[in-house]
C-alpha cells in the first residue's frame with residue numbers, strides 16, 4: 001500500500017511522506033518510504049494510494065450494535081427515560097434474526113467510515129440466540145470485535161431482561177468457549193455486568209469472577225448518570241467506582257464506558273488501578289448525561305479510547321464525528337482551545353483506543369509485527385483541501401465519505417469506498433424490515 005502520507009502513530013509519531021506499508025499475510029512487515037519498500041522481493045499486489053492519508057484503522061471503543069435498528073427513536077429523552085421508553089419497549093421484540101441484521105448494518109456503516117475494530121455491549125437476551133447471532137455476523141464482516149456478553153438483574157430493569165447471576169455466568173462461559181478467538185483471534189468475548197444501576201453487586205461479582213477465571217478481561221458501564229452514582233452512594237455508602245473496585249472489578253484488563261460522574265478521589269483510583277475508559281461524548285450529550293473529565297484522565301496517563309455508543313443515542317456510528325465532538329466539548333468545558341490537542345484525539349481513536357481495549361500490542365499503530373489494520377483517507381475531497389495539518393484535518397474536517405480503503409487482518413474489506421464482505425442492498429433491506437417490524441410491535445412506529 002503506497003503513495004500517500006503514512007501516519008504511523010508509533011512511539012515517535014512519525015509521518016512518512018510518499019510512504020508505504022508492506023503487508024505480509026495478516027501482519028505489517030515494514031513501514032517506510034515507498035521507493036525503498038517497492039524493491040522488496042515477492043510483492044504480489046500493489047495498491048496505489050497517492051493523495052491519501054494512510055493510518056491505522058479507527059477503534060470504536062463502545063457500541064451497542066443492536067441499537068442500529070432503533071436509530072432516530074431516542075427522541076431527545078434523558079438517559080432513564082430513554083431506557084424505559086425507547087430501549088426496553090423495542091428490545092422486548094428483538095429476535096436473533098433481528099440482532100444479526102442489526103450487526104450487519106452496524107458493520108456496514110463502521111467499515112464505510114474507517115472503523116476496523118469495535119467493542120460491542122449486548123445485554124438483550126429475551127431471545128436466547130441473540131448473542132450468537134451478533135457474534136456470527138461480526139465474524140462474517142471481517143472486522144475485529146471485542147464482544148461484551150452483558151447481563152442485568154436489578155429491579156429497575158423490566159423482568160423479561162433480567163438474568164440471575166448463575167445463569168448469566170453460565171451463558172457467558174458458553175459464549176466465551178464458543179466465540180472467543182474465532183476468526184484467527186479477530187473475535188474476542190468479555191463478561192459484562194451492564195452497569196452499577198442495572199446490575200446488583202452479586203451479578204457484578206459473578207461477571208468479574210467469570211472474567212478472571214477465563215483471563216479475557218471485563219467490561220462495564222459506570223458513572224453514566226448522576227442518578228446511578230447517587231443510588232450507589234445511598235445504598236452502599238461509597239462511590240460507584242469504589243463499589244466496583246471492592247468487588248474486584250478494576251484493573252488493566254478492565255474497560256469502563258462513560259465514567260462521567262466520578263467523586264473526588266475516583267480519578268486517582270482509576271489511575272492507581274490502571275483501569276481503562278471509553279469516552280462517548282456524542283452519546284453523553286445526546287441523553288444529557290454530562291461530560292467526562294477526560295483531560296484529567298489523560299494527565300494521569302490513563303488509556304482513554306473513543307466510542308460512538310449505540311445508534312439510538314448518537315444517531316450514527318461515525319468516529320470522525322466523535323473525534324470532532326471530543327475536541328469541541330472539552331474546549332468549551334475547559335475554556336481552552338488546547339484542552340485536548342488534535343494529535344491526542346487522533347491517538348485516542350487509534351493507538352490509545354487499542355490499548356484501552358487490551359489490544360495495544362496488536363493494533364493501533366502502523367509498525368512491523370502488528371496486525372495489518374489500515375485505512376486510507378482520500379485528500380481529493382473539498383473538505384480536506386488544503387490538508388496542511390493531517391491531525392487537524394482528520395479530527396475537524398474529515399468524514400466517513402473520505403474513506404476509500406479499509407484493510408483488516410491483511411484482508412481488503414473496503415476498496416474504492418465499497419464494502420466487499422457485505423451486500424449493501426441486502427443489509428439495508430433486512431435492517432429496514434426488522435426495524436419497522438420492531439417499532440410497530442412496540443407501538444413506536
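The table that follows gives values for the structure above.
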| quantity | calculated |
| --- | --- |
| Subset of the stretch 408-433 (residues that are farther than 21 Å from residue 65 by Cα and touching a strand residue (DSSP E or B) at 6+ places or on another chain (Cβ under 9 Å)) | 409, 410, 412, 415, 416, 417 |
| Answer from 406, 427, 412, 395 - the residue that is outside the structural domain of residue 133 (by TED's automatic domain parsing), in contact with a helix residue (DSSP H, G or I) (Cβ under 9 Å, 6 or more places away or on another chain), part of a strand (DSSP E or B) and within 20 Å of residue 113 (Cβ to Cβ) | 406 |
| Positions within the stretch 246-269 being out of contact with any strand residue (DSSP E or B) (no Cβ under 7 Å at 6 or more places or on another chain) and buried (at least 17 other Cβ atoms within 10 Å of the Cβ), in sequence order | 247, 250, 260, 261, 262, 266, 267, 269 |
| Filtered residues of the stretch 380-399 (kept if over 27 Å from residue 330 (Cα atoms) and touching a residue at least 40 places away in the same chain (Cβ under 8 Å)) | 380 |
| Every residue from the stretch 146-156 that is in contact with a helix residue (DSSP H, G or I) (Cβ under 9 Å, 6 or more places away or on another chain) and either crowded, with 21+ Cβ neighbours inside 10 Å or closer than 18 Å to residue 253 by Cα (or both) | 147, 149, 150, 151, 152, 153 |
| Segments classed as strands (runs of 3 or more DSSP E), wholly inside the stretch 270-386, with at least 2 members that are within 14 Å of the chain's Cα centre (by Cα) and modelled with pLDDT of 95 or more | 276-279, 304-306 |
| Any hit, the stretch 40-51, residues being closer than 30 Å to residue 121 by Cα and in the same structural domain as residue 405 (by TED's automatic domain parsing) | no |
| Residue selected from the stretch 430-445 under the condition part of a loop (DSSP other than H, G, I, E, B) and touching a residue at least 24 places away in the same chain (Cβ under 8 Å), by the criterion farthest from residue 58 (Cα to Cα) | 443 |
| Within the stretch 157-266, helices (runs of 4 or more DSSP H) holding 1 or more residues that are within 20 Å of the chain's Cα centre (by Cα) | 165-179, 201-214 |
| Boolean, residue 114 is touching a residue at least 40 places away in the same chain (Cβ under 8 Å) and under 23 Å from residue 303 (Cβ atoms) | yes |
| Test: residue in the stretch 62-69 that is farther than 19 Å from residue 408 by Cβ and modelled with pLDDT under 95 | no |
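The values are calculated or read from the model by the stated rules, or taken from the named source; none is laboratory data. In this text, all values refer to a predicted model and were calculated from it rather than measured experimentally. Don't worry about glycine lacking a Cβ; one is built from the backbone with ideal geometry, like all the others, and counts go over all protein chains shown.
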